[in-house]
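Below: one structure, written as structure tokens.
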Amino acid sequence: MHFAWSDALVLFFYFGIVLYSGYKSGRNSSESKEFFLANRSLSWVPLSLSIVATETSALTFLSVPGIAYSGNFTFLQVVFGYILGRTVVAFVLIPLTYHHNFLSVYEWVGTRFGRKSQKTMSGLFSVTRVLGDGVRLYASTLPVAMLLELGLPKIIPYSFSQYSIGVWTLAIVTLITVLYTMQGGFRSVVWVDTLQYFVYVFGGVFALFLLYQASPEPLAVISSAWQGNKLKFLEWENTSATYFMPWAVLGGALLSLGTHGADQMFIQRSLAAKNVKDAQKAMIGSGIAVFFQMILFLAIGTFLFYKFNGQTIAQDKVFSKFLIEEVPTPFLGLLLSGILASTMSTLSSSINSLSLTAKADFGWNLGGQKLSSVFFGILLFFSSFFFFSLPENYTKGLLELGLKISSFTVGSMVAVFLTEVIPFLRKRIIVSDLGLALALASSILVTGIFGTVKNYNFTVLVPLGMILFWSFALIAGFIFPNRKR
């Protein structure tokens with residue numbers, strides 16, 4: 001490994017740029033609309049890139065190349081489904097919530113059904129966000145700790161364990177993220193997300209350039225990949241394939257419909273747009289940006305396959321192996337900055353969104369908006385820190401569970417909004433506030449049971465959650481009817 005002082009300086013410079021950007025882009029304001037929605041003055045371009053940066057974790061950055069390494073480009077069918085799902089969100093769900101001057105998307109639920117339903121949805125969002133991002137942040141520090149464990153002894157005469165490096169990395173990343181999130185609120189979050197998007201994309205482009213340059217005959221590699229079906233992106237024939245065309249597209253569309261249609265962290269970016277058209281362009285544009293981003297990461301994986309001559313390497317470790325063995329100093333610092341950028345963008349968005357829902361949906365002040373950011377930053381840190389204390393055989397199972405948490409909840413939650421826009425359901429689901437809250441909680445509980453006991457993946461869990469919610473809501477309508485209607 002080539003980690004040296006120059007790589008460390010690159011990392012320190014990156015952290016400095018992030019703090020300065022957060023300070024300059026933010027505006028000191030005690031107004032909730034400025035702190036949480038940037039006074040609805042943001043253009044669709046930074047909002048779109050912020051959505052992409054928020055949903056791109058270090059796991060995405062390091063693991064997607066492994067998909068192409070062990071397979072081909074058929075994962076793009078899922079990403080095409082993302083675009084379709086976000087298009088539905090843009091034209092069906094965003095107009096539902098944008099025009100009501102809400103801070104939280106769950107305020108619409110309170111207006112439509114009642115405060116119990118609003119608090120239930122917001123509470124479920126908060127719990128799943130803390131748990132899901134806690135696991136995600138823990139997982140994001142693992143590759144960084146693995147890389148630095150080998151490299152730090154070369155510049156510091158001490159040896160460090162992966163555990164200690166992981167904890168300190170998490171602490172430093174959390175501190176820096178809380179500082180710029182607290183300073184400038186949502187405006188800082190969006191503009192720093194945009195910066196971080198370009199940092200990790202540039203890191204990916206640079207890694208691809210290194211692989212291209214290292215190939216004796218790069219054009220021959222591309223030709224071999226084409227002939228060997230490594231560039232195949234459509235799977236029509238093999239119904240048992242991991243990414244069979246109809247199910248891959250449908251699964252991607254439903255997952256994106258759920259996450260980007262009912263998750264405050266993503267809808268918040270739509271509510272912060274100048275107008276509803278900008279909100280729609282930001283949502284659809286994020287899907288297109290993810291599509292091209294995935295092409296970049298998959299291309300890295302294809303070149304890695306020929307770099308390592310098709311060796312049997314775990315797909316989530318192949319890119320890390322390349323970073324450890326091949327990337328020269330100081331460019332390793334640049335790529336580590338890209339990994340940390342993808343982590344910090346997710347963390348900052350969670351902190352701001354959790355602070356918003358606490359205030360808007362529960363009326364909790366928590367000492368003010370800035371102190372609220374500190375509180376949720378600390379909460380997310382300890383949520384992540386918890387997993388460092390568990391034995392490895394437990395963390396493997398919890399990691400898989402943590403990454404599934406969003407698919408446990410988003411199907412049922414987006415079904416609440418779809419109830420309003422689908423005439424058949426709007427006429428038949430006439431349920432009280434309490435009844436809807438119980439139906440929502442019950443459907444998520446049953447979906448979670450199916451996800452853990454039966455180990456269903458997201459292509460099944462999201463539509464299952466939707467169907468379960470509508471079924472429970474219809475039953476609840478007979479037991480707890482909405483007499484006001």
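The values are calculated or read from the model by the stated rules, or taken from the named source; none is laboratory data. On a predicted model such as this, the values are computed, not experimentally measured, just so you know. Cβ: placed from backbone, ideal geometry, glycine included. Neighbour counts: every protein chain shown. For accessibility, only protein heavy atoms count, side chains too; no ligands or nucleic acids. Shrake-Rupley method; radii C 1.70, N 1.55, O 1.52, S 1.80 Å.
Computed values, structure above
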item: Separation in nanometres of the label points that stand 7 Å from Cα toward Cβ, at Phe233 and Val205; result: 1.9
item: Three-way shape call for region 206-272 based on the alpha-carbon gyration tensor, with the a/c threshold at 1.5; result: oblate
item: Theoretical ellipticity at 222 nm over the chain - DSSP helices of four or more residues, -39500 (n - 2.57) apiece, nearest 500; result: -26000 deg cm²/dmol
item: Translational diffusion coefficient (Stokes-Einstein; Kirkwood radius from C-alpha pairs) of region 260-385 at 4 °C, 1.567 mPa s, in µm²/s; result: 72
item: For region 109-179, alpha-carbon Rg over 2.2 N^0.38 Å; result: 1.71
item: Label-point gap, in nm, between Leu425 and Ser164 - each point 7 angstrom along Cα→Cβ; result: 5.3
item: Centroid-to-centroid separation of region 285-300 and region 149-194 [C-alpha atoms, Å]; result: 26
item: FRET efficiency, 1/(1 + (r/R0)^6) with R0 25 Å, evaluated for Ser240 and Asn455 via beta carbons; result: 0.90
item: Value in Å of the Kirkwood radius, where region 196-351 supplies the Cα pairs that are averaged; result: 18.1
item: Most to least accessible of Lys281, Lys33 (protein chains only, probe 1.4 Å); result: Lys281, Lys33
item: Most to least accessible of His100, His260 (protein chains only, probe 1.4 Å); result: His100, His260
item: Set Lys274/Lys370; Lys230/Lys317; Lys230/Lys454 screened for pairs whose C-alpha atoms are more than 29 Å apart; result: Lys230/Lys454
item: Stretchable slack from Ile17 to Asn309, in nm (0.36 nm times residue separation minus alpha-carbon distance); result: 101.3 nm
item: Stokes-Einstein D (µm²/s) once Rh is taken as the Kirkwood radius of region 31-92 over alpha-carbon pairs, at 10 °C in 1.306 mPa s; result: 111
item: Local electrostatic count at Phe244 - Lys and Arg +1, Asp and Glu -1, tallied over other residues with Cβ under 10 Å; result: -2
item: Helix 162-214 axis, angle to the chain major axis (alpha carbon atoms, nearest 10°); result: 50
item: Extent along principal axes [Cα atoms of region 272-317; Å; largest to smallest]; result: 51, 15, 9
item: Pairs of Cα atoms farther than 36 Å apart, the chain, %; result: 28
item: FRET efficiency, Ser471 to Leu434 (Cβ-Cβ, R0 22 Å, nearest 0.05); result: 0.80
item: Extension reserve of the Lys24-Ser224 stretch, reckoned as 0.36 nm per residue once the Cα distance is removed; result: 67.1 nm
item: Above-threshold pairs, the threshold being 24 Å between Cα atoms, out of Lys116/Lys359; Lys33/Lys427; Lys232/Lys307; Lys116/Lys281; Lys116/Lys427; result: Lys33/Lys427; Lys116/Lys281
item: Solvent exposure of the chain as accessible area per residue, Å², 1.4 Å probe; result: 41
item: Carbon/sulfur fraction of accessible area - the chain, other protein chains in place, 1.4 Å, %; result: 67
item: Highest average packing first - 333-345, 202-214, 235-247, Cβ atoms within 10 Å; result: 333-345, 202-214, 235-247
item: Partners for Lys24 among aspartates and glutamates (Cα-Cα distance below 16 Å; same-chain residues under 8 apart left out); result: Glu34, Asp193
item: Relative contact order for the chain, counting Cα pairs under 8 Å that sit 6 or more residues apart, in percent; result: 33
item: Extension gain (nm, one decimal) between Ile378 and Lys33, 0.36 nm per residue minus Cα-Cα; result: 121.8 nm
item: Where labels lie 7 Å past Cα in the beta-carbon direction, separation of Val276 and Phe386 in nm; result: 4.0
item: Listed residue (Trp226, Met146, Met283) projecting farthest to the positive dipole end of the chain, Cβ model; result: Met283
